[in-house]
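Here the structure is laid out as structure tokens; the discussion comes afterwards.
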Amino acid sequence: MLKLMKYEFQKQMFSKLIMGIGLGVLGIVFLIFNYTGKQNGAEAMMALMAMGMMISVVYAIFEYLTVYEKDLTTKQSYMLFLVPKGAKSILGAKMLSAILQIFVTFVMFGGAIALCFSLYCMKYEGMQAFFEEVKLFLEAVLNIKLDMALVLETCFELFILWVFVVMLGVFLTTVMNTVLNKNKLTTVLVCVLYFVCFWLIAGFEEFILGLDWAELGKDIFSYVYLIGLDLVFFFGTAWLLDKKLSV
């Protein structure tokens, strides 16, 4: 399993290196702006870091699915699916490596943004009071308490959603390259099917959550629902790889 994960890391290392270099450059420029008192420039660098984190998270989905499709359709399949490991182990290693990479991306960007924000507030002491006033205003408008627990909960929900988006894409990509004869028409068909499946799944979840449930019950259902679908897609993909994939 660890060797398979190492192989996956190597295939996607270049993009992570570019992200790290980009984040490092933004951090250095921020320090320069913050040290020289250029407040607008420092704020712009933090905004670019936040934007970079969102772009990196979205890009990771497309990169993973692109690499996965190459594993099914190019010579990479010989290096991966002919190893003495079952489809579940191979697919599990791919998913674990993807989860670990997205976790590292979150921590890397989130840590850098938090550090820069702290230095920014230390440099401009009046801004800390300003942000506190903004926080109180948002709490009053949204009727929620903005704290670290809410931030962690939101990150966890986004992470669960990210895994679901990836697993749905993996399942449909496998269907296209095993059950269907891949061509331009099937590619378009699978893309349409992806959005239809996403819409139906989200619609069913919204319908269930619209029932008269306790708030805690709704949160638990959302997590169980998406994780359950992830397992269905995982084992369905593994079955297709075992029975239908030809390398």
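Within the range 192-209, residues that are more than 19 Å from residue 166 (Cα to Cα) reach partners that are in a helix (DSSP H, G or I) and open to solvent by less than 40 Å² (accessible area, probe 1.4 Å) with beta carbons closer than 8 Å, at six or more positions or on different chains, in the pairs 208/225; 209/222.
Residues of the range 41-57 being under 25 Å from residue 94 (Cα atoms) and in contact (Cβ under 8 Å) with a residue 24 or more places away in the chain, which ones? Break it down stepwise before answering.
First, pick out the residues of the range 41-57 that are under 25 Å from residue 94 (Cα atoms): 52-57.
Passing the criteria: 52, 53, 56, 57.
Tell me the helices (runs of 4 or more DSSP H) entirely within the range 19-123 that contain at least 1 residues that are under 24 Å from residue 151 (Cα atoms) and open to solvent by 80 Å² or more (accessible area, probe 1.4 Å).
Values: elements: 39-73, 76-80, 87-123.
Ranges flagged: 39-73, 87-123.
Looking at the range 1-40, which of the residues that are polar (S, T, N, Q) and without any contact (Cβ under 8 Å) to a residue 40 or more places away in the chain is nearest to residue 88 (Cα to Cα)? Quick ask: steps written out before the conclusion?
At the first step, the residues of the range 1-40 found to be polar (S, T, N, Q) are 10, 12, 15, 34, 36, 39-40.
With the extra rule that they be without any contact (Cβ under 8 Å) to a residue 40 or more places away in the chain, the set shrinks to 10, 36, 40.
Working: 10: 20, 36: 54, 40: 50 Å.
My answer is 10.
Going through the range 154-186 one residue at a time, which ones are open to solvent by 40 Å² or more (accessible area, probe 1.4 Å), of a type outside the set (A, V, I, L, M, F, W, C) and assigned to a helix (DSSP H, G or I)? Those that are open to solvent by 40 Å² or more (accessible area, probe 1.4 Å), of a type outside the set (A, V, I, L, M, F, W, C) and assigned to a helix (DSSP H, G or I): 154, 157, 184. Against the definition (farther than 24 Å from residue 88 by Cβ, surrounded by 13 or more Cβ atoms within 10 Å (Cβ to Cβ), at pLDDT 80 or above and not charged (D, E, K, R)), how does residue 189 come out, yes or no? Considered against the rule, which asks whether it is farther than 24 Å from residue 88 by Cβ, surrounded by 13 or more Cβ atoms within 10 Å (Cβ to Cβ), at pLDDT 80 or above and not charged (D, E, K, R), residue 189 comes out as yes.
Entry remark, the range 194-237: residues being in contact with a Lys or Arg (Cβ under 9 Å, 6 or more places away or on another chain), among the aliphatic types (A, V, I, L, M) and at pLDDT 90 or above number 0 in total.
The values are calculated or read from the model by the stated rules, or taken from the named source; none is laboratory data. Small disclaimer: the values here were computed from a predicted structure and weren't measured. Methodologically, a virtual Cβ is constructed for each residue, glycine included, from the backbone with ideal geometry; neighbour enumeration extends over all protein chains shown. Accessible surface areas use protein heavy atoms only, side chains included; no ligands, DNA or RNA. Shrake-Rupley method; radii C 1.70, N 1.55, O 1.52, S 1.80 Å.
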